[in-house]
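Engineer: I'd like to ask you about the structure that follows.
The values are calculated or read from the model by the stated rules, or taken from the named source; none is laboratory data. Predicted model, so just to flag it, every value in this text is computed and none were measured. For neighbour counting, all protein chains shown are included, and Cβ atoms are generated from backbone atoms with ideal geometry for every residue, glycine included.
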Ligand SMILES: Nc1nc2c(ncn2[C@@H]2O[C@H](COP(=O)(O)OP(=O)(O)OP(=O)(O)O)[C@@H](O)[C@H]2O)c(=O)[nH]1
Ligand SMILES: [Mg+2]
């Protein structure tokens, strides 16, 4: 059943025409455009042309004005494109209306990212997550006559389980979705068991987090010889992977690679991938990898930080900023970055620069943690929340009281000590010989 999930389509390149829509609020036209080009190339498309469209207000039926949609159709057909790709998300109605007017398959931001994800999901978990996200995307689009998604024979949007029997009844999709949700829950439980085992082993967890293509996997490879695939395309890594990073002869951590972020990451996708991203919240610290060779690196920092803090609810106190690709960064920009972010570690993952300093920083971070047992009354949700937020919990038991074993940094330990009616037992110094 599960092997029927997403398949990689061996088709030749699909010819596409890009519609880059920007508003006053858009970050910048050049970023929108560059990113859409990268996404389209990552989805193995051949780009035939591009139209930049400034939008003052959204037309509920078409997103754009009708005149613009017609212009898009003319331009796209002139360049012999087979599909339109938008940098924004379209409602099912808008998508179908645009297809009716243009006669071209219409791919929005979510569908494009889903397509890239489906190419890069190799683990069972990754495939299930992508399939679930695709079906949830497809379901509201099966109404009425349906959109081109259900008519064309190949290319973006038709990959995956939906493509074989496109006229599959909604009921079957519903059943499949509930099956996949169960599978994900099962995997999630298993992941928790593995995580608990790992925690017992005592090696702290450190996650690699950051914008897509910032160099997370390259860094993992350089630090641990993991030999994982890296590429200039976006969302190369979908499956989380942990590898031992030997900081020095008696200190090791488990380093986790995770799926990259992007601005306007479709919320459904994030939702589906949350179980994978849970490793971040379970980590002692996360290395926030930033491509400092990009002019807009600060905007990218904000995007990743807001996903970490607001969507994944992980405290930014755990962040270790890593500015990567210093080998190709503009020297003036680098001086600016150093002055503004003095705590950031500067590295070149590709050329093994700055890695010792990074190891030092992480060593300092993890060895600052102590293993403690915290005992408090069952009603003390405040203490429990505090420990969830600021410590790495090893185990929780409760009889008449809560007993929580966890790794806690000194700064949080001193805050905990100030809380009333909380007893703290110091088991051992963690990670110290
Ligand atoms: N010049 C230079 N290129 C780098 C460096 N680190 C990574 N790269 C390149 O940047 C591209 C992206 O690297 P990845 O390691 O795949 O990036 P990632 O963050 O894992 O990306 P996703 O898995 O897609 O989120 C690749 O082409 C790498 O060779 C670096 O230090 N210097
Ligand atoms: Mg990667």
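Engineer: Mind telling me which of the residues 331, 342 ends up being farther than 30 Å from residue 275 by Cβ, within 16 Å of ligand 1 (Cβ to nearest atom), in the same structural domain as residue 277 (by TED's automatic domain parsing) and more than 19 Å from the chain's Cα centre (by Cα)?
Structural biologist: Just a single option satisfies the conditions, and that option is 331.
Engineer: For the list (1) crowded, with 19+ Cβ neighbours inside 10 Å; (2) under 24 Å from the mean Cα position of the chain (by Cα); (3) without any contact (Cβ under 8 Å) to a residue 40 or more places away in the chain, I need the number of the one condition that residue 388 fails.
Structural biologist: Result: residue 388 fails condition (1) only.
Engineer: Consider residue 351 against the criteria (1) closer than 22 Å to residue 411 by Cα; (2) in contact with a helix residue (DSSP H, G or I) (Cβ under 6 Å, 6 or more places away or on another chain): it satisfies all of them except one. Which criterion is unmet?
Structural biologist: So residue 351 meets the others, but not (1).
Engineer: Also, I was wondering about something else. Would segment 200-213 turn up any residue that is more than 26 Å from residue 369 (Cα to Cα) and more than 9 Å from ligand 1 (Cβ to nearest atom)?
Structural biologist: The answer is no; no qualifying residue exists.
Engineer: Just checking, which of 235, 249 is within 11 Å of ligand 1 (Cβ to nearest atom) and either over 17 Å from residue 125 (Cβ atoms) or crowded, with 20+ Cβ neighbours inside 10 Å (or both)? Outline the logic, then answer.
Structural biologist: Details: 249 fails: within 11 Å of ligand 1 (Cβ to nearest atom).
The unique qualifying residue is 235.
Engineer: Please tell me if residue 196 is exposed (fewer than 15 other Cβ atoms within 10 Å of the Cβ), at pLDDT below 90 and away from ligand 1 (no atom under 13 Å from the Cβ).
Structural biologist: yes
Engineer: To continue, here is another question. Look at segment 268-295 and say how many of its residues are at pLDDT below 80 and more than 17 Å from residue 187 (Cβ to Cβ).
Structural biologist: The number of residues fulfilling the criteria is 1.
Engineer: Among the residues of segment 83-90, are any farther than 25 Å from residue 28 by Cα and out of contact with any strand residue (DSSP E or B) (no Cβ under 6 Å at 6 or more places or on another chain)?
Structural biologist: Scanning segment 83-90, I find no residue that is farther than 25 Å from residue 28 by Cα and out of contact with any strand residue (DSSP E or B) (no Cβ under 6 Å at 6 or more places or on another chain), so the answer is no.
Engineer: What is the number of the single condition among (1) near ligand 2 (Cβ under 9 Å from one of its atoms); (2) over 26 Å from residue 37 (Cβ atoms) that residue 240 does not meet?
Structural biologist: (1)
Engineer: With closer than 25 Å to residue 270 by Cβ, surrounded by fewer than 14 Cβ atoms within 10 Å (Cβ to Cβ) and modelled with pLDDT under 95 as the only criterion, which of 38, 57, 28, 42 stands out?
Structural biologist: When all the criteria are applied, what remains is 28.
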